[in-house]
Amino acid sequence: MSALKVAYVAVVLFIINAFFKSPTVPVLEMLVTAVAVAATELPPMNSRKKKILGYIGIVILCVTTNTIFGLVSYFKWGLLFGIGLWSLILYRLIAKDGMTANVVGILILIGIVSLEGDVATDLNGVINHVLFYFEYAAAGLLALLIFPNLHDRVVKSAALRLLEADQLLIKGELSLNEFNDRIISSFLVLENQADQVQPVFYGLMPLLKSLQLQIRGNITVFKDQAIPALDMLKEIHGAISKSRLIAVDRLASGAEELRDSKLNAAIKDLAMYWNSKCLA
């Protein structure tokens, strides 16, 4: 998603630059915008409001960093002192964990890269640069606002990955550790999308959790009843993948062969919820 958004915004910026050419190196303005776009897909940015505020914050920090580096670039010791002091301020104020510390590292890296371009060393130059930074950033933000919401598809994909992991475990093609890693990864995706999708889609999460618990606890049972379990999961997987109704009658016939009330109940609840809510 992050790569798709960056590529999309890059195309928009190239088109804009073809008509409104930057008097400085346009790559710097585009780079700042691209970093801000990529930051909107970080796990903490899990709502539209947070994405917009995070985007604006990253742009302001990048522009401030580039401005400071440019103003002190003509002074050897001033540059060293300026970079060191601003880096210390950023780490003190922003770096609360490993992820935010990486953001600070990227800001400093962009500041150093900006020194290779036509940096602003006076007030007039700073104003001119800042205006073009914000022009490109505004275009990037507008492009993001009209970007189609693909988060429902992300949730759908994560749900499909869970069902695929279930089938592989039942077939014996996946170890328990690999199974745990896959379902944890998928559930983290679902959790991160909580505020970005329709509530009905997020309602699938507790049902999927219940299904995983039942499948994980019935590994020995599947040695004798793998076929009906696989048939039921394939039906659910196919229905979700093609966005169609789950054939409850097929699940009922499989439930008779499976003879596990809790697992049957988990599968039935998931199917009924999908049919009644997600396709409404």
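What follows is calculated from the coordinates using simple rules that are stated; it is not laboratory data. If you're wondering where the values come from, they're calculated on a predicted model, not measured in any experiment. Please note: Cβ atoms are built from the backbone with ideal geometry, for glycine as well, and neighbour counts cover all protein chains shown.
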**Request:** Please report, in whole Å, how far the alpha carbons of the range 1-75 spread along each principal axis, starting with the longest.
**Result:** 41, 29, 17
**Fill in**
Residue by residue through the range 63-76, the couplings from Karplus 6.51 cos²θ - 1.76 cosθ + 1.60 with θ = phi - 60°, in Hz, x for Gly and Pro, are 5, 4, 4, 5, 5, 4, 4, x, 5, 9, 5, 7, 10, 4
**Complete:** Quick shape check on the range 1-147: root eigenvalues a ≥ b ≥ c of the Cα gyration tensor, a/c under 1.5 is rounded, otherwise prolate if a/b tops b/c, else oblate, and it reads oblate
**Message:** Please list, by residue number, every one of the chymotrypsin sites (Phe, Trp or Tyr not before Pro) in the range 15-65 that is coil in DSSP and has at most 16 other beta-carbon atoms within 10 Å.
**Reply:** 20
**Fill in**
If each part is reduced to its alpha-carbon centroid, the range 68-125 and the range 231-253 end up apart, in Å, by 55 Å
**Message:** Which one, 114, 261, 157, has the greatest fluctuation when you compute a Gaussian network model over the chain with C-alpha springs under 10 angstrom?
**Reply:** 261
**Item:** Built amide H within the under 5 Å cut-off of residue 246, gap 5+
**Value:** 275
**Asked** Taking amide hydrogens as modeled 1.01 Å from N in the peptide plane, which residues meet the under 5 Å criterion relative to residue 72, leaving out close sequence neighbours?
**Response** none
**Asked** Long-range amide H contacts for residue 118: which residues qualify at under 5 Å (H placed 1.01 Å from N, peptide plane, sequence gap of 5 or more or a different chain)?
**Response** 25
